[in-house]
Amino acid sequence: MENLKELIDKNTIVVFDIETTGLRNDIITSEFDYIIEVGAVKIVRGKTTEKFSSFVSCPEKLAEYIVTLTGITNEDLNDASTVDKVLKDFYEFCKGCILVAHNLPFDYRFICYYGERHGIYFNNQKLDTIALAKEILNGKVENYKLSTLANYFKINFTHHRALYDAETTAKILLELAKLCY
């Protein structure tokens, strides 16, 4: 991927992550867990320029394992905006930008599903840092988990919070771009 650095230098990139109440995101059956947090960073010419972070209200009580995993509590979501409001704001934040996520299909499926239910249609160009890492690192790491790549590039981070994961993914993206000469 020799054009990654050029792509980053010439475009505005939004690296995003979501936290959810579970892993269900089946388009065929329309069985989806709820989005409870959206986090993103905007990169212009290789530099972070803006951040987006929002909790999303949830119509059901969070399972204890989700609270333990994410640190997000039911109280955090009490005064949070609805998914349609958060996704409208997120759509405006990333309008005209290339969307990047780690394991993009998972996060993108959620934002598209909930977005489309409220008349919001994400059609941005997209990149997945897992696919990029597989191509660029080509077996130099044991797996392509976010934590593994962060360790490889010596990036410290707190896992399972949307903004922190987005910031870490953005740093990984920029490190991968450095290897594309």
Matching residues in segment 155-172 - criterion: being in contact with a helix residue (DSSP H, G or I) (Cβ under 9 Å, 6 or more places away or on another chain) and either free of Cβ contacts under 8 Å to residues at least 12 places away in the same chain or open to solvent by 40 Å² or more (accessible area, probe 1.4 Å) (or both) | 156, 157, 158, 159, 160, 161, 171
Matching option when the condition is open to solvent by 40 Å² or more (accessible area, probe 1.4 Å), over 20 Å from residue 55 (Cβ atoms), at pLDDT 95 or above and in contact with a Phe, Trp or Tyr (Cβ under 7 Å, 6 or more places away or on another chain), among 142, 175, 116 = 175
Checking residue 132 against (1) under 21 Å from residue 23 (Cα atoms); (2) out of contact with any strand residue (DSSP E or B) (no Cβ under 8 Å at 6 or more places or on another chain); (3) of a type in the set (A, V, I, L, M, F, W, C); (4) in contact (Cβ under 8 Å) with a residue 60 or more places away in the chain, which single condition isn't satisfied?
-> (1)
Among the residues of segment 5-34, write down those that are over 12 Å from the mean Cα position of the chain (by Cα) and under 15 Å from residue 71 (Cα atoms).
-> 21, 22
Residue among 84, 107, 76 that is open to solvent by less than 10 Å² (accessible area, probe 1.4 Å), modelled with pLDDT of 95 or more and not β-branched (Val, Ile, Thr) | 107
Checked segment 111-154 for anything aliphatic (A, V, I, L, M), in a helix (DSSP H, G or I) and under 16 Å from residue 173 (Cβ atoms); matches are 130, 131, 132, 133, 136, 137, 146, 149, 150
Selected residue (only one of 124, 151 is of a type in the set (S, T, N, Q) and in contact with a Lys or Arg (Cβ under 9 Å, 6 or more places away or on another chain)) = 124
So which strands (runs of 3 or more DSSP E) stay within segment 12-95 end to end and still have 1 or more residues that are without any contact (Cβ under 8 Å) to a residue 24 or more places away in the chain and under 23 Å from residue 125 (Cα atoms)?
-> 47-55
Among the numbered criteria (1) touching a Gly at 6+ places or on another chain (Cβ under 9 Å); (2) open to solvent by 40 Å² or more (accessible area, probe 1.4 Å), which single criterion is violated by residue 135?
-> (1)
State yes or no: is residue 5 charged (D, E, K, R), open to solvent by less than 40 Å² (accessible area, probe 1.4 Å) and not in a loop (DSSP other than H, G, I, E, B)?
-> no
Is it the case that some residue within segment 90-98 is surrounded by fewer than 12 Cβ atoms within 10 Å (Cβ to Cβ), closer than 23 Å to residue 129 by Cβ and modelled with pLDDT of 95 or more?
-> yes
State the number of residues belonging to segment 23-59 that are acidic (Asp, Glu), modelled with pLDDT of 95 or more and surrounded by fewer than 14 Cβ atoms within 10 Å (Cβ to Cβ).
-> 1
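The values are calculated or read from the model by the stated rules, or taken from the named source; none is laboratory data. Predicted, not measured: the structure shown is a model, and the values here were computed from it. Cβ sites come from the backbone with ideal geometry, for glycine too, and all protein chains shown count toward neighbours. The protein model used for the area step is the full one, side chains on, heavy atoms only, and it has no ligands, DNA or RNA in it. Shrake-Rupley method; radii C 1.70, N 1.55, O 1.52, S 1.80 Å.
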